[in-house]
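K.L.:
Below: one structure in structure tokens.
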């Protein structure tokens, strides 16, 4: 890997992580405020994350295991914020029923 490739790959990996965080935060805020625009923005951030992941897998000189890790983590990350939101809702409903 040349120094230029390393810089580009590092920037793409950083962007991958930032977009994952944006997806999670925008999803939670969108659900909390019942704001469809924020939910659309969350899914747009996830779509951009998937595009960055595809770019890393297809055009970077990362090793095969790293490419597999990037692709798998992108695929697995999609259901995490909705599942976490459902868990938190059920947890709070149980506490309200106990009160």
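K.L.:
Let's test the formula: R0 of 30 Å, r as the Cβ-Cβ distance of residue 35 and residue 71. What FRET efficiency results, to the nearest 0.05?
P.N.:
After rounding, the FRET efficiency stands at 0.45.
K.L.:
How tilted is helix 80-98 with respect to the longest principal axis of the chain? Cα atoms for both, answer in degrees (0 to 90, nearest 10).
P.N.:
Around 20 degrees separate the two axes.
K.L.:
How large is log10 I(q)/I(0) at q = 0.15, 0.17, 0.22, 0.25 Å⁻¹ when the Debye formula is applied to the Cα atoms of the chain, each weighted equally and without solvent?
P.N.:
Relative scattering, expressed as log10 I(q)/I(0), comes to -0.66, -0.78, -1.05, -1.22.
K.L.:
Now, a different point. To the nearest 0.05, what FRET efficiency results for residue 11 and residue 89 with a Förster distance of 30 Å applied to their C-beta separation?
P.N.:
According to the calculation, E is roughly 0.25.
Since every read-out is calculated from the coordinates, none of them should be taken as a lab result. The shown structure was predicted, so the numbers you read here are calculated from the model rather than taken from an experiment. Using ideal geometry, Cβ is built from the backbone for each residue, glycine included, and neighbour counts are taken over all protein chains shown.
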